[in-house]
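Structure, as C-alpha cells:
The values are calculated or read from the model by the stated rules, or taken from the named source; none is laboratory data. Please read these numbers as outputs of a predicted model, since none were measured by experiment. Positions of Cβ are backbone-derived with ideal geometry, glycine not excepted, and every protein chain shown enters the neighbour counts.
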Amino acid sequence: MATIHTDMGVSGMDIQGTITKILDVQTTRVTTAQTAEKEIAKDITAWADISSTMSTLTDALDALRSYDTWNKMVVTSSDSSAVLATATGSADVNEYAIRITQLAQAHTVCSSSADELGVSSKTDDLIAAMKLTAGETFTIEGVTFTIGADEYGVTTEGQETLSTIRTKINNAASTMANAVSASILDNRLVIARAITGVSPIDMTEPDAASGATPLQDLGIFSVAGTYDAAHVMRQAQDALFTVNGVSVTRTTNTNLTDVIENVTLSLRAETGSSTVAVDISRDTATPKAAILSLVESYNAAAEKLESYSSVTLNGSSKPSVAELQGDTMIPAMLANMRHLATDMKGAFFTDAAYSYNGNSGNMDSLEDIGVWTSSKENRLDVINEGRLDQVLSESFNQVKQLFRGAYVSGSGYEHGVAGDFYNYSYQLTTPMTGGIAKHTAALEKRDETALTAINKMIDDIAAQEESLWKQFTAMQDAIAEMKSSITWLSSSSSSSS
C-alpha cells in the first residue's frame, strides 16, 4: 500500500515544500549525473556512426589490395555468334584471328521410318511385322541388345518396337564404352554419340554371318558393318580451325582450354573464309572504379571524423562544440589516414618506372596516378582523370604495385598503399577487438557505471524523502497531542472557576 502524505498539518507548515528544499542538492546531483550520462550515450552513438563509415573505407581498401581486382581480362569477339572466349588474369594481352572451317559433330544415325519398316508407328511390334527376329542381337559401344528380350528395365512381352529399343539403349547408356542417346524423330529411331569428334558410333551385328542382321533390317546398316549413307544424319567429325594462321584440330567445340594459353574458346559457327577477331586486354575499369571508391570513402570518413570533433566560432556568442570534440582518438585517426594516403613508397619498389606525357618517373605515390589531396580540408581528389586512365592503360603493373605492394617471398605483398592503409583501418574497425570497438566498450562501461550510480542516487533520495516524511509526521502528531493537552487544561481551569 502506498504511503499517503499530507502537505499541511496542525502546524500549518508546508511539509512537501520543506522536504523538496532539503533534497534539492541531491536532486541537482542526479540531474547533473543524468546529463553527463546522456552525453556518454551520445558519444557511443557517434562512434557507431564513425565505425560504419570507417568500415566502408576498409572495404574499399580491401578491394584495392585484392588479386581479383587487378587480374581480370576483357575479351571481345568481333562475331560472338561464331566465337566466344574467356581469359584468366594470366593471359597475354593480344589479338587473335580465328577462322573455323568446320565444327565438331557427334555421329548420328537413324533407322528407316515406321512406314518403311511395315508398321504404322513407333509402338507397333516389329517382330509380328516380320521385320525383326526374336533372339537376334546387336551391340552398341560394347553393350549387347537382344530382340524381344526383357532387359535394361524394359518388359517387351516378346515384342520389340522402335520405342522399346530406344528405351533399352538409353537405360544401358551409362555402361557403354562411349555413351550414346536414343530418341524417336518422325517415327524413326535416332541414335547419337554423346560426344563430338571424328570417331563414329561403334555398332556391330555379332551373328551377321549366320544371317542375324537386325541393324540392316532396321535400315541403319546397308550391309554388315557399314552405315547406310542415307541414314547418317550427322557425320562424325572434328573441329577444324586456325588461330593466327596455325591449323588446329579438336574433338569438341567448347571448353577449349589448350589452344591459347590461359584462354578458353567456344566455337559456335563455321566462318568460311572470314576470320573472327578475338581481342584480349586488361580490365582497367574495375581497378579504376575501386580507386574512385577509395577516394569517395576516404573523404566520407574524414568528413565524418571532422564533423564530430569540430569547434565552430559564432562571433560573440558561445562556440558550437561537436559531440566528440576533445576525444584524442579522432585527431590521431585523421593524422594517420592522411599519412597513409600520401605516403611515398619508392624505397620499397624495384620496378616502378613509368612515363607520362614524355616525362619519366617512379610510381611511388597516389600523385603519380592523378589522385592527390586538394582544398583546405585535405580531401582526396582525382585531380587528373586523364592521367589516371593513361597510367592504367600504359603502366598497369606499376599502378597495381602501388596499391598491392611489392611481393616478398614468404610474406606476400607488402608496402602497398591499399595494403598498409587496410591494415590500419581493419585494426580500427574489426568487431569486438578493433580500436573503435574497444573505445566504444570503454564508453559503454562508463555509461553502465553512470546509470548504476544514478539509480542508487534516486533510491537514496527516495529513502531520505520517506525518512523525512516520517519525522515530520511524528512532529505533527506531537504538536497535535500538545495542542489537545492545552485545550483540556484550559477547559478544566474554566470549569473550576
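What to note about this one:
- Number of the exception - M130 against (1) out of contact with any Ser or Thr (no Cβ under 7 Å at 6 or more places or on another chain); (2) surrounded by 14 or more Cβ atoms within 10 Å (Cβ to Cβ): (2)
- Condition check for S297: in a helix (DSSP H, G or I) and either of a type in the set (S, T, Y) or at pLDDT 95 or above (or both): yes
- Helices (runs of 4 or more DSSP H) contained entirely in the stretch 392-497, each with at least 1 residues that are without any contact (Cβ under 8 Å) to a residue 24 or more places away in the chain: 417-429, 435-496
- Any chance N378 is out of contact with any Asp or Glu (no Cβ under 7 Å at 6 or more places or on another chain) and on the phi > 0 side of the Ramachandran plot: yes
- So D124, is it acidic (D, E), without any contact (Cβ under 8 Å) to a residue 40 or more places away in the chain and surrounded by fewer than 14 Cβ atoms within 10 Å (Cβ to Cβ): no
- From the list A177, A224, the lone residue that is out of contact with any Phe, Trp or Tyr (no Cβ under 7 Å at 6 or more places or on another chain), under 30 Å from D258 (Cβ atoms) and modelled with pLDDT under 95 is A177.
- Matching option when the condition is assigned by TED's automatic domain parsing to the domain that holds F145, surrounded by fewer than 20 Cβ atoms within 10 Å (Cβ to Cβ) and in a strand (DSSP E or B), among S222, S266: S222
- Looking across the stretch 94-112, the residues that are assigned to a strand (DSSP E or B), surrounded by 19 or more Cβ atoms within 10 Å (Cβ to Cβ) and touching a Ser or Thr at 6+ places or on another chain (Cβ under 7 Å) come down to I98, R99, I100, Q105.
- Test: D24 is among the charged types (D, E, K, R), within 30 Å of K470 (Cα to Cα) and either at pLDDT below 85 or crowded, with 18+ Cβ neighbours inside 10 Å (or both): yes
- All of (1) part of a loop (DSSP other than H, G, I, E, B); (2) among the hydrophobic types (A, V, I, L, M, F, W, C); (3) in the same structural domain as S183 (by TED's automatic domain parsing) hold for A91 with one exception: (3).
- A182 modelled with pLDDT under 95, within 22 Å of T251 (Cβ to Cβ) and either crowded, with 18+ Cβ neighbours inside 10 Å or in the same structural domain as Y227 (by TED's automatic domain parsing) (or both): no
- Residue identified as touching a residue at least 60 places away in the same chain (Cβ under 8 Å), out of contact with any Asp or Glu (no Cβ under 8 Å at 6 or more places or on another chain) and assigned by TED's automatic domain parsing to the domain that holds A97 among S247, S273: S273
- Long-range neighbours under 6 Å by Cβ, at least six apart or interchain, first residue assigned by TED's automatic domain parsing to the domain that holds L215 within the stretch 149-176, second assigned to a helix (DSSP H, G or I): Y152/K168; Y152/N171; Y152/A172; G153/N171; V154/T164; V154/T167; V154/K168; T156/T164
- Qualifying positions in the stretch 372-391 - of a type in the set (S, T, N, Q) and either in contact (Cβ under 8 Å) with a residue 60 or more places away in the chain or in contact with a Phe, Trp or Tyr (Cβ under 7 Å, 6 or more places away or on another chain) (or both): N378, Q390
- Selection from the stretch 345-380 of residues that are over 23 Å from P331 (Cβ atoms) and of a type in the set (A, V, I, L, M): A347, A352, A353, M363, I369, V371
- Any hit, the stretch 126-147, residues being in a loop (DSSP other than H, G, I, E, B), more than 24 Å from A209 (Cβ to Cβ) and charged (D, E, K, R): no
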